[in-house]
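Shown next, in structure tokens, is the structure this report addresses.
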Amino acid sequence: MKKTILFLFLACTFGVNAQDFSFGADVQSRYVWRGAQLGGESASLQPSVEYTNGKLAVGAWAAYSLGGTNSAQEMDLYISYALTDAISVTVTDYYFPDASKTQDYLDLDADHTGHLYEASVSVAVTDAISLMAASNVGGTNEGETYIEASYAADQFSLFVGGVMGDDDGFYGTEEGDGLVNVGISLERDIQLSSTYSLPVNSSLVVNPDAGNVFLTFGFSL
């Protein structure tokens, strides 16, 4: 699976024009993903690069702690394809390098690999309402399914997400199923000059299953 994603990533980006690529970085006060705080108690730098060609998108995304004692980081590859204007499918290779362990990026053995493979589908029900379902299909974990519904307006979005089949505790649920990600995100642009504005965002995230709450702030470069 990992070799397939890497091969497609390289094949799709061979001999393309520079304008087909985009790149950037986000800085977040905390890295909170689907109701769980990753990256330790530290701000997070999250660079990304993406190649697009029509309905196809191939990219890489990473998260690196800017402080604290957390040794685990993240570097992902993904391939996404729009089946229609409203439906897209994505395969993601999540990779979690850990400085405290000896890891080989090309090691695919499920017993000690740092890779997790996820398949997901997103559906735009309306211009404002969307649904997403994502399942772990191999690597470090398999069988967990995360489902999320969201509503997006001009400068804010509401979301609610839950997990099923979390028997190994990947999402930290107590009984294998639970509501793990409920909240609101807001975003706006701060005009810094006549030619440049800085996108900023803030999210209030509640994990009812774990009894946790997070308030984050970030900006995009």
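The values are calculated or read from the model by the stated rules, or taken from the named source; none is laboratory data. Everything numeric here is computed off the predicted structure, so don't read it as measured data. Here the Cβ positions follow ideal geometry from the backbone for every residue, glycine too, while neighbour counts run over all protein chains shown.
Data for the structure
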quantity: Residue that is surrounded by the most Cβ atoms within 10 Å (Cβ to Cβ), among those in segment 145-155 that are within 17 Å of S185 (Cβ to Cβ) and free of Cβ contacts under 8 Å to residues at least 24 places away in the same chain; calculated: S150
quantity: Yes/no for N53 being under 30 Å from D20 (Cβ atoms) and free of Cβ contacts under 8 Å to residues at least 60 places away in the same chain; calculated: yes
quantity: Residues (charged (D, E, K, R) and buried (at least 17 other Cβ atoms within 10 Å of the Cβ)) located in segment 27-49; calculated: R30, R34
quantity: Any hit, segment 82-97, residues being surrounded by fewer than 15 Cβ atoms within 10 Å (Cβ to Cβ), at pLDDT below 95 and farther than 20 Å from A62 by Cα; calculated: no
quantity: Subset of segment 20-49 (residues that are in a strand (DSSP E or B) and farther than 30 Å from G211 by Cβ); calculated: F21, S22, F23, G24, A25, P47, S48, V49
quantity: E142 touching a Phe, Trp or Tyr at 6+ places or on another chain (Cβ under 8 Å), in a strand (DSSP E or B) and either within 30 Å of R188 (Cα to Cα) or not aromatic (F, W, Y) (or both); calculated: no
quantity: In segment 147-196, residue nearest to the chain's Cα centre (by Cα) [restricted to those that are aromatic (F, W, Y) and farther than 20 Å from S122 by Cβ]; calculated: F170
quantity: Subset of segment 168-215 [polar (S, T, N, Q) and more than 24 Å from A133 (Cβ to Cβ)]; calculated: Q191, S193, S194, T195, S197, N201, S202
quantity: Single residue of V125, V160, V200 found to be among the aliphatic types (A, V, I, L, M), loosely packed, with under 14 Cβ neighbours inside 10 Å and free of Cβ contacts under 8 Å to residues at least 40 places away in the same chain; calculated: V125
quantity: Unmet requirement for V89, which otherwise passes all of (1) part of a strand (DSSP E or B); (2) over 28 Å from G178 (Cα atoms); calculated: (2)
quantity: Selected residue [hydrophobic (A, V, I, L, M, F, W, C), part of a strand (DSSP E or B) and closer than 30 Å to G138 by Cα] from L186, L198, L215, L179; calculated: L179
quantity: Residue in segment 104-111 that is surrounded by 12 or more Cβ atoms within 10 Å (Cβ to Cβ) and at pLDDT 95 or above present; calculated: no
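Residue-by-condition table, conditions (1) in contact with a Ser or Thr (Cβ under 8 Å, 6 or more places away or on another chain); (2) at pLDDT 95 or above; (3) at positive phi:
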site: T145; (1), (2), (3): yes, yes, no
site: D154; (1), (2), (3): no, no, no
site: G161; (1), (2), (3): no, yes, no
site: T173; (1), (2), (3): no, no, no
site: I190; (1), (2), (3): yes, yes, no
site: S197; (1), (2), (3): no, yes, no
site: V206; (1), (2), (3): no, yes, no
site: D209; (1), (2), (3): yes, yes, no
site: V213; (1), (2), (3): no, yes, no
